[in-house]
Amino acid sequence: ACFRLLCSLLIPALFLSGILCVCVVVLLWGIRFWIQQRKKQLTSAGRDGKRPLLVAFFHPYCNAGGGGERVLWCAIRTLQKKYRNVTCVVYTGDRGVNGEEIVEGAFRRFSIKLTHPVKFVFLEKRYLVEASLYPHFTLLGQSLGSVFLGWEALLKCVPDIYIDSMGYAFTLPLFKYLGGCRVGCYVHYPTISTDMLSVVRNQDTRFNNAAFITNSPLFSRFKLVYYYFFAFMYGLVGSCSDVVMVNSSWTLNHILSLWRAGACTSVVYPPCDVQTFLDIPLEAEKSACEYSIVSIGQFRPEKDHPLQIRAFAKLLKEKRLGQQPLLKLILIGGCRNQQDEERVDNLKCLCEELGVSNNVTFRINIPFEELKRHLAEATIGLHTMWNEHFGIGVVECMAAGTVILAHNSGGPKLDIVVPFEGHITGFLAENEDSYAERMAHILSLSPEKRLEIRENARRSVRRFSDQHFEETFLLSVEPLFK
């Protein structure tokens, strides 16, 4: 009787499931067909009678002016130089500006001049990918929001080649299977990483893992299940990509473990404006009465400025045992909002608490020329972010001629602060004690030895130049144009 009941329920359920699957397939096929018809209507032939190849970049914040935007404009310039019958499209959510102003802004910030016009598709629903909209389940909320934003982009312009250049991997299957596009992506930072999973598993308190979660086994277990589910979905959508470019070996390792798309994945280092910093004259140190230690980075929690101040305070305490040159710590960075400004106020309070206020200077949102001057005068370049995916600031410090001291993790450890032609290029540390020890060691070196390290570092950073980016980028995207 139980078997008959089971069969009487199971067979109709399987039948209904089959019908639903067929309906979904037919619906998706119908949507794809409709989108292809729209593509034919929206695109027209060029002067030579041939329809240009549309290459679209999904970059909702293309006017932001950060390192990710420099990658975008360098990529577009590279394609324009290589391929004549290509029209580049940028999907952006920037409002209050037009295309000409965005291109002018890219030239003003990065000195990148495009050889041909760019088509901009302005999106209305960028608010759907804002982190502030999702106080809880932020990763999932932003990812689902990006699908809706991607759908808006697809309806407004159907490209031949689609490249996600901001890390919205959930848009990839949308453009590949419904848009019929060849798809690629440039990954600056994995949306979720195996490191994030280990932080939750080990119940470590960090800026993205609140104390109330780490203190509760139940909440930690729930968050871990959520992270594993999201990592599975992230791997599923990422594996849709025909070409995957990552910015560092650290990002490569995480993407390979999550997406399992090794055959089409390659490292393309971001183009750093090294030449601007290489123009700073590299001279032997003139004065030993004052040493400055410079840190460059936005005042965001993950940059871990408190670690810099504590390590510097420890260094000062040890140095005061004898007569030593004056030491100064200069924290240079940008404040994006009120939270960043409050963070700076808290850092100033920490300086007072540790008794180092007279030796620490904050320089916020300063002009580029002032930044260059501070770097030219600095002895040590300081960087403390754990698992920095690449580290453009680290490259800039090395190019400017400082002796770099970065965190022993992520891009700095695997790609940047590594021996060059068998010679040392800088130093790495992990905690307050080791940072203080490394700074003391650097300051104890002779000026000639420091100059040798600075020269090695300068030679090594040429591999992060615009020219090297162009060569590796073109090699990586070539399959999309076949």
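Taken together, the values in this text are just the output of simple stated rules run on the coordinates, not laboratory data. Quick caveat: nothing in here was measured; it's all calculated off a predicted structure. In this analysis, Cβ positions are derived from the backbone assuming ideal geometry, glycine residues included, and neighbour counts consider all displayed protein chains.
Structure notes:
- Where labels lie 7 Å past Cα in the beta-carbon direction, separation of Lys50 and Ser446 in nm: 6.3
- Crossing angle, helix 466-477 versus the chain [Cα axis fit, 0-90 degrees, rounded to tens]: 20
- In this structure, the residue pairs whose Cα-Cα separation is over 32 Å, taken from Lys156/Lys372; Lys156/Lys303; Lys39/Lys482; Lys113/Lys156, are Lys156/Lys372; Lys156/Lys303.
- Placing unit charges on each Cβ (+1 for Lys and Arg, -1 for Asp and Glu) gives the chain a dipole about its Cα centre, and among Leu350, Gly66, Ile11 the Cα reaching farthest toward its positive end belongs to Ile11.
- Sequence-separation-based contact order of the chain, relative, with Cα cut under 8 Å and 6+ spacing, percent: 13
- Length gained when the stretch Ser409-Leu20 is fully extended (0.36 nm per residue, less Cα-Cα span): 135.2 nm
- A simple count of charges around Leu178, restricted to other residues whose Cβ falls under 12 Å of its Cβ and scoring Lys, Arg +1 and Asp, Glu -1, yields +4.
- The smallest convex shape that holds all Cα atoms of the range 274-463, its convex hull, gives 109 Å³ per residue.
- Here the chain is treated with +1 on each Lys and Arg Cβ and -1 on each Asp and Glu Cβ, and its dipole about the Cα centre works out to around 1580 debye.
- The relative contact order of the range 274-463 comes to 26 percent, based on Cα pairs under 8 Å that sit 6 or more residues apart.
- Straight-line cross-link partners of Lys40 among the aspartates and glutamates, defined as a Cα under 15 Å from its Cα and at least 8 positions apart when in the same chain: Asp160.
- Ordering of 161-172, 411-422, 221-232 by burial proxy (mean other Cβ atoms within 10 Å per residue, highest first): 161-172, 411-422, 221-232
- Within the set (i) 63, 59, 54; (ii) 89, 71, 44; (iii) 128, 50, 35, the number that Cα extents along the principal axes in Å takes when calculated for this structure is listed as (ii).
- Pairwise FRET efficiency - Phe481 versus Asn253, Cβ, R0 = 25 Å, nearest 0.05: 0.35
- Length released on extending from Thr361 to Trp29, taking residue separation times 0.36 nm less the Cα-Cα span: 113.4 nm
- Once backbone amide H atoms are built at 1.01 Å from N, Ile404 has Gly381, Phe427 as its partners under 5 Å, excluding neighbours fewer than 5 places away on the same chain.
- Degrees, to the nearest 10: 249-259 long Cα axis against longest axis of the chain: 20
- Partners of Lys317 within straight-line reach, counting aspartates and glutamates whose Cα lies under 17 Å from its Cα and excluding those fewer than 8 residues away in the same chain: Glu290, Glu352, Glu353, Glu432, Asp433, Glu437.
- Ordering of 337-344, 239-246, 303-310 by packing [mean C-beta count within 10 Å, highest first]: 239-246, 303-310, 337-344
- Helix 138-156 vs. the chain, principal-axis angle (Cα, 0 to 90°, nearest 10): 60
- Across the range 44-147, the relative contact order, built from alpha-carbon pairs under 8 Å that are at least six residues apart, equals 26 percent.
- Cut-off under 5 Å, modelled amide H: who pairs with Leu329 long-range: Ile293, Val360, Thr361
- Prolate/oblate/rounded label for the range 428-482 (Cα gyration tensor, a/c 1.5): oblate
- Amide H to amide H distances under 5 Å link Ser165 with Phe58, Tyr186, where only residues 5 or more positions off or on other chains count and H is placed in the peptide plane.
- Each of Lys156 and Arg260 was given a label point 7 Å from its Cα along the Cα-to-Cβ line. The distance between the two points is 3.6 nm.
- Here the spin labels are modelled as points 7 Å beyond Cα on the Cα-Cβ line, and at Leu114 and Val97 they lie 1.2 nm apart.
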